[in-house]
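Here the structure comes first, spelled out in structure tokens, and everything after it is commentary.
The values are calculated or read from the model by the stated rules, or taken from the named source; none is laboratory data. Please read all numbers here as calculations on a predicted model, not as lab measurements. Don't worry about glycine lacking a Cβ; one is built from the backbone with ideal geometry, like all the others, and counts go over all protein chains shown. Each accessible area value is taken on the protein alone, full model and side chains, heavy atoms only, with ligands, DNA and RNA left out. Shrake-Rupley method; radii C 1.70, N 1.55, O 1.52, S 1.80 Å.
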Amino acid sequence: MDLIIKNGTIVTAKDMFKSDIGVADGKIVAMGTDLKDDNAKVVDASGKLILPGAIDAHTHLAMPFGGTISADSYEAGTRAAVCGGVTTVFDYPMQRKGHGIVETVEGRKQMAEKEACCDFAFHCCITDLNDGAILDEFKSAVDYGVSSFKCFFVYKKEGMMVDDATFVKILMKAKESGAITNLHAENPDMIDLRIAQYLKEGKTDAWYHYMSRPEFVAAEADKRAVHWAVNADAPLYIVHMSDKEGLEAAVDAKMKGSKVFIETCPQYLEFTCDVYKRPDGRNFVCSPPMKGEESRQALWQAIKNGAIDTVATDHCPFQQSEKDWGLNDFTKIPNGCAGVENLYPYMLGAATDGIISYSRAVELCSTNPAKIFGCTDKGSLAIGKDADIVVYDPKKDFTISVSNMHSDYDHTIWEGKTVHGYPVQTYVRGKLVFDDGDYVGKAGDGKFVKCAPVNF
Ligand code: DUC
Ligand code: ZN
Ligand code: ZN
């Protein structure tokens, strides 16, 4: 063996137990007590929890958006990821009119192969069916290793929105091809109507970002998406769920047996729309925006009772100077916030605080995303799985600040937040990449994760 992590407590989505863990050639090869091998490096993890690396199922790295490019490259974003215990990210390449899926993803894959510090997979955003050719390509995309496609109900002017007919075609073809459809659900016409009204009235500060897309604007789209998925009998994954009414509709469909999966993000669990009243409110501008306290509570309830399937970040940071474009006009603020380094500490911190169990945090951040998106080698600590391992110290408190993060952005919405418990080591396929506060890996360590076809 190359590595033995001894005396720790293993956490799976189901239980926790004392065990050593042995690694060879990037895989977990042994679990049990008193593992020995004179050739192996031995790490004493007494008092620590041993977790599967998190899978952040939602990032936008180096994404052209809002008149600029998101501030974290594949290198910076994945460097930050491993320093927060994330060992795989799912990024979102954007297919455009006239271009194919594999062609689009291949370009991003080549960029990531050079830069990535953790493993990476892709969901491909579909913005145009190219007269049906894109639907015909779904099967080859799945064979290539991309088994999820994303649609936007918003971003009409940006040429990213799909209409209902296109959405239903994608839902059905994805199902037939062994893929799942992801959706960003907000109602674009209501947003445009409300923005126009607020700008006309001279209401231009960040609060009106929230006011132009409040709860009912997301809820209509959540319900419409669920309606079409139920009727098409096709799997649907709603990204960044933020509102109570939409959540309830999705949970209702799920309870009745439909394959509706729900993702939320730490920012919707931590903050409410009140952040948009702060002097730095523009820094919290992302879409969908944070909602009211009732929604925040409902999301936590669904985290606790099992109704939410995954927590991911929608990591899409922009620099302060870019956020400042919207000082006098909220529509000019590039949408997105940082989060990839905070995901696992935040959810595990909720476990340390007794709000959820460690197993539930692992299920939400690792085991479920692996299952839903066909990462067959990842998502749990078991013999034969990739040795993506996080050593977590439940006693180490950590106060988040831009100065102790490992991204390229220059501010964070998480500034000053203290989490109880923190990762102390991260291994990607057996290689130590984060050690006691320091990044110790190198760009290019990360590998493309070929996702298996998914069948629900
Ligand atoms: N929302 C964001 O805030 N940023 C990136 C894309 C998105 O849908
Ligand atoms: Zn989105
Ligand atoms: Zn997103």
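Trypsin sites (Lys or Arg not before Pro) within region 421-453: which are DSSP loop residues with at most 13 other Cβ atoms inside 10 Å?
On the way: sites: ARG429, LYS431, LYS442, LYS447, LYS450; in loops: ARG429, LYS442, LYS447, LYS450.
Qualifying residues, ordered by number: LYS442.
Summarising the amide proton neighbourhood of LYS150: residues at separation of 5 or more, or on other chains, whose placed amide H is nearer than 5 Å comprise CYS124, CYS125, ILE126, ASN182. Residues with beta-carbon under 13 Å from that of GLN319, excluding GLN319: net charge, scoring Lys, Arg +1 and Asp, Glu -1? Once all neighbours under 13 Å are counted, the net charge is -3. With 27 Å as the limit, the listed pairs LYS256/LYS378; LYS114/LYS378; LYS277/LYS323; LYS14/LYS385; LYS244/LYS385 have LYS256/LYS378; LYS244/LYS385 beyond it between alpha carbons.
SER321 to ASP44: extension gain in nm, 0.36 nm per residue of separation minus the Cα-Cα distance?
Numbers: separation 277, 0.36 × 277 = 99.72 nm, distance 4.46 nm.
Length difference between fully extended and current span is 95.3 nm.
Just to confirm the filter: which trypsin sites (Lys or Arg not before Pro) across region 36-109 are DSSP coil and have at most 16 other Cβ within 10 angstrom of their Cβ? Here the trypsin sites (Lys or Arg not before Pro) that fit, given the DSSP loop and packing criteria, are LYS36, ARG96, LYS97.
So which of LYS291/LYS450; LYS109/LYS156; LYS223/LYS431 end up more than 32 Å apart, counting from Cα to Cα? The answer is LYS291/LYS450; LYS223/LYS431. Here r is the Cβ-Cβ distance between ASP128 and LEU199 and R0 is 35 Å; the resulting FRET efficiency, rounded to 0.05, is 0.75.
Relative intensity of region 275-401 on a log10 scale, I(q)/I(0) at q = 0.11, 0.16, 0.21 Å⁻¹, equals -0.51, -0.97, -1.28, per a Debye sum over C-alpha point scatterers of equal strength in the absence of solvent.
Summing charges over all other residues whose Cβ lies under 13 Å from the Cβ of LYS385, with Lys and Arg as +1 and Asp and Glu as -1, gives -1. Largest accessible area first, the listed residues VAL168, VAL275, VAL29 line up as VAL29, VAL168, VAL275 when surface is computed with a 1.4 Å probe on the assembled protein chains.
Remark on LYS41: its backbone amide H falls under 5 Å from those of LEU3, ILE4, a criterion applied only to residues 5 or more positions apart or on other chains, H modelled at 1.01 Å from N. Across the chain, the mean sequence separation of Cα contacts (distance under 8 Å, 6 or more residues apart), normalised by length, yields a relative contact order of 23 percent.
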